[in-house]
Amino acid sequence: MAKPARIYVCQDCGATSAQWSGRCAACGAWNSIVEEARLAGPAARRGGTKGEVVEVRSLAGEAAAARRSETGISEFDRVIGGGFVPGSALLIGGEPGIGKSTLLLQVAARLAETGRPTLYLSGEEALSQVRLRAERLGLGEAPVGFAAETGLERILGTLEQGAVPQLIVVDSIQTLWSEQLESAPGTIAQLRLCAQLLIQFAKRSDAALVLVGHITKDGQIAGPKVIEHMVDTVLYFEGETAHQFRILRAIKNRFGPTDEIGVFEMAGDGLREVANPSALFLGERDRTSPGTAVFAGIEGTRPVLVEFQALVAPSPLGTPRRAVVGWDSSRLAMLLAVLETRCGLRLGAQDVYLNVAGGLRISEPAADLAAAAALVSSFVNRPLPASCLYFGEVSLSGAIRPVGQMPLRLKEAEKLGFTSAVVPRKVDRDSEPSALELERIWHLSDFTASLAGTGKSGTDSG
């Protein structure tokens with residue numbers, strides 16, 4: 001009989017040690033080390049023995065396209081690359097109450113209605129709770145298999161019997177536990193072992209596996225990063241609970257583009273697809289107020305137009321406030337320093353608030369110019385043209401650097417009725433002609449000179 005060996009594992013970073021200590025030597029976290037049992041014996045020493053010979057093949061030759069099972073929810077299919085790939089493993093994370101379970105129940109029901117067997121495994125909710133949600137979503141008659149179980153061995157035993165489902169949803173991976181380990185559910189050892197055995201079953205049976213993961217206060221999926229490396233696709237379900245919009249974003253995808261997004265709207269009957277996110281994000285914008293600018297961004301393969309909102313006001317405090325929602329606060333601090341140092345705008349004694357409308361989070365450097373336009377517009381109390389959009393990266397010198405996929409950004413703006421755009425000067429003039437009037441600038445002071453009357457002007461219209 002295998003003898004359990006005692007080890008001590010940090011629950012934050014996964015580092016192991018032979019003895020307990022109050023502080024992890026690897027990541028510096030306090031009170032994060034927990035005692036766990038690991039099997040010792042032949043299985044643990046297997047790595048040092050000789051194994052079977054592996055067949056080595058050449059990479060030359062044609063590769064067959066991956067077979068996919070479309071769900072019928074186009075926004076979900078877009079994010080995962082066109083549908084589920086047999087034998088693939090997906091990990092989806094998001095804040096509590098954001099709609100992960102609702103989305104996956106809708107996906108499982110759509111697949112089941114087309115005759116493909118699906119199984120929904122819940123470790124957090126009973127059958128009656130899931131049935132109530134299904135009835136609210138109008139999916140009460142969907143032939144989705146359901147089981148409420150947290151024991152890994154019982155789950156695998158059930159899956160081995162009878163026909164294997166084409167889709168297996170596990171909600172959530174943090175609730176599972178295996179009899180092979182004495183540690184509690186949710187610990188690093190349990191997460192790693194349960195995920196590994198489920199993924200091995202999916203690869204062996206050609207079933208698509210979806211694991212739901214809780215997230216930490218930092219917004220990362222709880223547990224060791226090794227779980228994200230084990231799966232084929234990592235998705236994050238984002239959004240503010242106060243907004244009805246939800247963003248499904250691919251962080252990793254072995255079968256499709258990364259940073260692809262799908263946009264949903266939360267309604268009383270579940271999540272609805274948003275076919276044109278740009279029109280939705282700009283649908284209720286105020287065209288006459290100062291401090292608003294439209295940015296043409298790229299999310300994955302999709303152009304998205306969003307509104308930057310800024311408010312710059314005199315501060316009664318010794319240390320002015322700096323608040324930002326939907327954008328990087330460090331980038332805002334850099335942009336304010338450039339506006340003050342390179343463009344002559346005195347913003348040091350001003351409270352600054354910046355918001356990306358609709359709950360979307362922007363990480364693209366091309367948004368610098370749109371954010372700067374909104375800040376300057378609010379500071380001088382002068383509205384920007386409603387039919388103009390902005391994109392370009394601002395360097396520390398104030399120069400406007402070029403960005404990629406400019407024709408795609410401009411084409412999306414044309415569809416929504418925009419007539420002009422402020423863009424970097426150094427762009428490919430041989431690119432596709434645009435119906436928009438382009439104002440090409442090489443330095444941020446060009447924009448502030450025309451709007452606020454400061455700095456030098458050197459614009460080039462084209």
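For this structure, a couple of remarks:
- Residue in the range 252-271 that is crowded, with 16+ Cβ neighbours inside 10 Å, β-branched (V, I, T) and more than 16 Å from the chain's Cα centre (by Cα) present: no
- The C-beta contact set for the range 391-410 (first residue in the same structural domain as E437 (by TED's automatic domain parsing), second residue among the polar types (S, T, N, Q) and buried (at least 19 other Cβ atoms within 10 Å of the Cβ), distance under 9 angstrom, 6+ apart or interchain) comprises G398/S445.
Per-residue answers, yes or no, for (1) buried (at least 20 other Cβ atoms within 10 Å of the Cβ); (2) of a type outside the set (S, T, N, Q):
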site	(1), (2)
L152	yes, yes
E160	no, yes
A163	no, yes
I168	yes, yes
L176	yes, yes
Q180	no, no
G186	no, yes
R192	no, yes
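- Only one of the listed residues (R246, R302, R254, R287) is over 24 Å from G138 (Cβ atoms) and not assigned by TED's automatic domain parsing to the domain that holds L375. That residue is R254.
- Restricting attention to the range 97-109, the residues that are surrounded by fewer than 20 Cβ atoms within 10 Å (Cβ to Cβ) and within 23 Å of T158 (Cα to Cα) add up to 0.
- Considering the range 411-429, the residues that are free of Cβ contacts under 8 Å to residues at least 60 places away in the same chain and assigned to a loop (DSSP other than H, G, I, E, B) include one that is surrounded by the most Cβ atoms within 10 Å (Cβ to Cβ), namely R425.
- Selection of the range 342-351 for residues being surrounded by fewer than 20 Cβ atoms within 10 Å (Cβ to Cβ), in contact (Cβ under 8 Å) with a residue 24 or more places away in the chain and over 33 Å from the mean Cα position of the chain (by Cα) yields R342, G344, G348, A349.
- Scan of the range 376-399 for residues that are part of a strand (DSSP E or B) and either surrounded by fewer than 18 Cβ atoms within 10 Å (Cβ to Cβ) or of a type in the set (D, E, K, R) (or both), ordered by number: E393
The values are calculated or read from the model by the stated rules, or taken from the named source; none is laboratory data. Source: prediction; values computed, not measured. Neighbour counts are summed over all protein chains in view; Cβ atoms, including those assigned to glycine, are modelled from backbone coordinates with ideal geometry.
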